[in-house]
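The structure appears below as structure tokens.
No lab work stands behind these numbers, since they all come straight from the coordinates. Source: prediction; values computed, not measured. For neighbour counting, all protein chains shown are included, and Cβ atoms are generated from backbone atoms with ideal geometry for every residue, glycine included.
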Amino acid sequence: MKWEQVSKLARELPEVEEDTWFRTPAMKVRGKGFCRLREEGDVIVFLTESVDEQEFLIENRPDIYFITDHYRGWPAVLARLPKLTVAECRLRLERAWRLKAPKAVLKAFDAPGKAKAKAD
């Protein structure tokens, strides 16, 4: 994947816009960042619900997910863009988005009959 694809997928979620975060391109919901491109250009940061989730991803998909010492103990995970599939990226984006989206936005998104982002 490339950042442009990530950005397009993220904008399928309600109230998401591209901005900057730590001087790099990022995806935000109502001004709150949940995913950003790292300076290397082929690694992105996804927020995770917990360090346990971070560790689970790294243990089960080390080809995609990893962290540096900077992220140790922080609920976020790094992902190698070239290794991410569309389906995996969509999942990570939605999970990270849910951590920052306002409750009213989540409620509307989860309403019965509401069309969700397309699954692959």
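Dipole check for the chain: with +1 at the C-beta of Lys and Arg, -1 at the C-beta of Asp and Glu, and the Cα centre as origin, the magnitude is about 500 Debye. Loop-resident GluC sites (Glu not before Pro) (DSSP state other than H, G, I, E or B) in the stretch 31-120 with no more than 10 further Cβ atoms inside 10 Å of their Cβ: GLU39. In degrees from 0 to 90, rounded to the nearest 10, what is the angle of the helix 86-100 Cα long axis to the longest principal axis of the chain? Computed tilt is about 70 degrees.
Across all C-alpha atoms in the stretch 3-101, the radius of gyration and Dmax reach 12.1, 33 Å. LYS32: which aspartates and glutamates have alpha carbons under 17 Å from its alpha carbon, excluding same-chain residues fewer than 8 sequence positions away? Cα-Cα hits under 17 Å: GLU12, GLU15, GLU17, GLU18, ASP19, GLU49, GLU94.
How high is the relative contact order of the stretch 1-110, given as a whole-number percent (alpha carbon pairs under 8 Å, six or more residues apart)?
Reported as a whole number, the value is 28 percent.
Placing unit charges on the Cβ atoms of the charged side chains and taking the dipole of the chain about its Cα centre, the candidate lying farthest along the positive direction among GLY113, LEU57, VAL45 is GLY113.
Structure note, pairs LYS83/LYS103; LYS8/LYS107; LYS8/LYS83: Cα-Cα distances above 25 angstrom occur for LYS83/LYS103.
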